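Participant: Quick one: the structure is below, questions incoming.
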Amino acid sequence: MTKSLRLGTRGSPLAVIQAEMVAAALKKAHGCLVEIVTLKTSGDRIQNRPLAEIGGKAVWTKELDRALLAGETDLSVHSMKDVESERPEGLGIAAILERADRRDRLIGAERLDALREGAIIGTSSPRRAAQLRHLRPDLKTVNLRGNVATRMKAVDSGQVDATLLAAAGLDRLGLVDVGHALDDLLPAPAQGAVGIDAREDDLKTRNLLAAIDHAETHEDVLVERAFVRALGGDCHSPVAAAARHDNGRITLDAALYAEDGSACVTGSCHMAVGDADPAIALAETLLSDAPPSIRELFT
């Protein structure tokens, strides 16, 4: 049996469940013990401001990164859609668990067309806000942050008419029958994937993590992240992307939106596993084809 590993995570109910998933996978693979270390991130502490105003995606990761680099933890668990495109020097995603349902679910109505005229949608996601307003320009969006329970309560109390939540998170919380999946919305890049970070020089831990890495998910997520990195996108960029394996190759579907949903450019590409160049080229093509209302978000 290997020594106990210290796994850093946010303290939200969903984050802890995802940490427990990683701990269970490591125990099954190696019989090792994992101590879950919960840390409060800036994103957890500051709930009344949009992410773009308080530091972007790093608000979910920087405290975990600091603890990992300081040797206070041995690995960190992240929702991959919340991990910034460039990792701090000395760190790197070593494994990704098999991806869950990557779709969004609508909470508050069975379908988008069932929402009343001018309905108020609570979301902190620029992508979701833009996609909804692209499909329904009459909808109004307001910033709504917090954990799953907080956002569901906002719908139940009438604070907002509806919200969107990730199906994967709902399923992991046991809320499998909550909401209605939206098949016509592309998800956020890396949505539904759980990643495990480790220090690049900690080869022992990285070797342990290799046994729980789901290769297809990891390959797809790398493609999606390469696409976002080529755009220069971040948490306030309305970007949607989904890669999938198809007969030994990877297909990437992607879309860029104006913030208000008034414009959208879409595209697809195909590539061999391990070759992200077509994804980078697609990013460049979409930016070239995009109107100023989209292009200015990435400059």
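Values quoted throughout were computed directly from the atomic coordinates according to the rules given, and no laboratory measurement underlies them. Keep in mind that this is a model prediction, so the values were computed, not measured. Because the Cβ atoms are built from the backbone with ideal geometry, glycine has one as well, and the counts that use them run over all protein chains shown.
Participant: Among the aspartates and glutamates, which have Cα under 19 Å from the Cα of Lys153 when same-chain residues fewer than 8 positions away are ignored?
Facilitator: List returned: Asp44, Asp104, Glu110, Asp161, Asp171, Asp177.
Participant: If packing is taken as the mean number of other Cβ atoms within 10 Å per residue, what is the order of 114-120, 12-18, highest first?
Facilitator: Most protected by this proxy first, the peptides run 12-18, 114-120.
Participant: For the pairs Lys28/Lys204; Lys40/Lys62; Lys40/Lys204; Lys40/Lys81, note any where the Cα-Cα span goes beyond 22 Å.
Facilitator: Where the Cα-Cα span goes over 22 Å, the pairs concerned are Lys40/Lys204.
Participant: Of the listed values (1) 34, 23, 18; (2) 26, 23, 19; (3) 31, 23, 17, grab the one calculated as semi-axes √(5λ) of the Cα gyration tensor in Å from the structure here.
Facilitator: (3)
Participant: Using packing as a proxy for protection, rank 220-227, 255-262, 290-297, 237-244 so that the peptide with the highest average count of other Cβ atoms within 10 Å comes first.
Facilitator: Per-residue Cβ counts within 10 Å, averaged per peptide and sorted highest first, yield 220-227, 237-244, 255-262, 290-297.
Participant: So how strong a dipole does segment 150-228 carry about its Cα centre when Lys and Arg Cβ are +1 and Asp and Glu Cβ are -1, to the nearest 20 debye?
Facilitator: So the magnitude is around 340 debye.
Participant: Sticking with this one: Highest mean first, what order results for 272-280, 245-253 on Cβ atoms within 10 Å?
Facilitator: 272-280, 245-253
Participant: Okay, next question. To the nearest Å, what is the center-to-center distance of segment 200-261 and segment 73-113, using C-alpha atoms only?
Facilitator: 10
Participant: Considering only segment 104-182, what is the antiparallel percent among its DSSP beta bridges, to the nearest 5?
Facilitator: About 60 percent, rounded to the nearest 5.
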